[in-house]
1. Determine the per residue accessible area of the protein assembly as shown with all protein chains present and a 1.4 angstrom probe, expressed in square angstrom.
2. Along the Cα-to-C-beta direction of B:E145, a point sits 7 Å from the Cα; which residues of segment B:87-127 have their amide N less than 15 Å from that point?
3. Let's test the formula: R0 of 22 Å, r as the Cβ-Cβ distance of B:E110 and A:T65. What FRET efficiency results, to the nearest 0.05?
4. Can you tell me how much longer the chain between A:A4 and A:Q120 gets when fully stretched, taken as 0.36 nm per residue apart minus their C-alpha distance, in nm with one decimal?
5. Could you tell me the largest-minus-smallest coordinate of the C-alpha atoms of chain B on each of the three principal axes, in descending order and whole angstroms?
6. When each copy gets a label point 7 Å from Cα toward the beta-carbon at B:E90, what are the spacings between them in nm, shortest first?
7. Specify the longest stretch of chain B that does not include any exposed loop site, a site being one of the trypsin sites (Lys or Arg not before Pro) with a non-H, G, I, E, B DSSP assignment and at most 15 other Cβ atoms within 10 Å.
8. Leaving out same-chain residues fewer than 8 places away, which lysines sit with a Cα under 18 Å from that of A:K161?
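The values are calculated or read from the model by the stated rules, or taken from the named source; none is laboratory data. What you see is a predicted model, and the numbers here were worked out from it, not measured in a lab. Cβ sites come from the backbone with ideal geometry, for glycine too, and all protein chains shown count toward neighbours. Ligands, DNA and RNA are stripped out before the accessible areas are found, and what is left, the full protein with its side chains, is counted by its heavy atoms. Shrake-Rupley method; radii C 1.70, N 1.55, O 1.52, S 1.80 Å.
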Number of protein chains: 2
Amino acid sequence: MSSADDVKLKQSREDFVAQWGALGTHWGINRTMAQIHALLMTEPEAIGTDEVMERLQISRGNAHTNLKELVSWGLIRTIVKKGERREFFEAEKDVWKIFTIVARERRRREIDPALGVLHQCLDDSRGIDTPEGRAFHEQMSKLAEFVGFASNVADRVSGMKYGIALQLAARLLS
Amino acid sequence: MSSADDVKLKQSREDFVAQWGALGTHWGINRTMAQIHALLMTEPEAIGTDEVMERLQISRGNAHTNLKELVSWGLIRTIVKKGERREFFEAEKDVWKIFTIVARERRRREIDPALGVLHQCLDDSRGIDTPEGRAFHEQMSKLAEFVGFASNVADRVSGMKYGIALQLAARLLS
DNA sequence: TCATAATTTCAGTATTTACTGAAACTTCGG
DNA sequence: CCGAAGTTTCAGTAAATACTGAAATTATGA
């Protein structure tokens with residue numbers, strides 16, 4: 001008789017889903033998307049839209065939008081079961097893969113646009129021949145250089161095999 | 001006669017402030033805070049609340065709140081000028097310092113709470129003796145280990161002197 | 001090809017987050 | 001201690017973002 005364990009598991013999982021969802025907010029990810037991701041990460045089986053709706057108590061439109069968004073990120077994938085007409089979804093569970101996906105997506109959404117702004121300002125302020133103009137250009141230049149550099153580093157790291165990244169990290173912490 | 005240059009500089013700076021503000025949104029930072037930061041980063045002189053209000057066309061309350069928030073992050077500091085009663089503000093302009101400040105703040109707001117959730121779920125699911133329970137515990141364990149590890153690495157890197165970090169990064173990119 | 005199950009879209013609404021403006025409070029020189 | 005300059009707070013409002021629910025569309029297999 002394992003029903004006590006079943007209850008504990010259910011509660012713990014619900015807790016994880018709810019809290020992970022709340023955290024998503026601080027990550028620029030909407031609550032529902034983070035909750036669905038949490039739900040699927042802790043679900044051994046692929047599940048369908050209706051079960052997601054029921055488990056999270058959300059509308060079909062909401063479930064649909066966020067499932068698609070997670071698929072486009074690559075954090076979950078669709079599964080077709082033979083003899084079943086509807087789609088099922090399962091999460092990528094490998095932590096290193098999750099990390100690299102999120103890192104790339106954030107670079108694309110947060111760093112690349114910043115670089116764009118900086119390069120444009122660099123161009124616009126090139127050759128302004130006043131003390132203030134040179135100071136502005138210099139500041140833009142430093143920012144652009146640093147952000148570009150950081151972007152490349154992030155790319156390299158998230159393109160590594162897990163083992164290599166681990167080695168590198170281990171040297172840093174030693 | 002440098003008024004053409006002055007106009008170009010003014011436009012470029014306004015552009016930078018506006019666009020940097022828009023970017024702030026994607027970084028979990030509100031637009032005004034990012035705009036004030038951009039304004040001060042490109043301003044050679046320390047400026048006061050009223051000038052911030054005027055340059056960004058925002059209310060006193062808004063300017064005040066976000067200036068204080070930037071001070072609490074350490075991205076700007078207050079300056080007292082002799083013979084002046086009011087406070088002036090100037091930005092930290094060193095890119096490495098800006099990076100370490102932002103990195104630490106984001107760790108505090110994004111990673112630490114996630115670790116908290118994971119550790120709690122680890123505890124809650126310890127010893128649940130069903131296949132599903134063990135799988136859940138295992139997944140929490142992997143996530144917690146990875147996030148904790150990443151947090152330590154980020155700490156180390158953002159605690160480095162710029163020169164050392166550069167060397168490290170150079171090795172990565174070579 | 002039709003009936004129906006499943007998916008997608010979107011106008012309207014709810015929720016969350018940010019901002020205003022004015023009043024309350026604090027500080028300081030006279 | 002008083003009055004003016006400066007700072008802080010916050011109730012009300014505006015703007016941005018996320019969600020619902022139902023209708024439109026598409027895919028399936030009999």
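1. Dividing the accessible area of the protein assembly as shown by its residue count gives 54 Å².
2. B:119, B:122
3. Details: r = 24 Å, r/R0 = 1.07.
Efficiency, from the Cβ-Cβ distance: 0.40.
4. Details: separation 116, 0.36 × 116 = 41.76 nm, distance 6.14 nm.
Extending this stretch completely gives an extra 35.6 nm.
5. Dimensions of chain B along the principal axes of its Cα atoms: 79, 44, 31 Å.
6. Label-point separations across copies, in nm and ascending: 6.0.
7. Details: sites that count: B:K81, B:K82, B:R85, B:R86, B:R126, B:K161.
Longest run free of exposed loop sites: B:1-80.
8. A:K93, A:K97, B:K142
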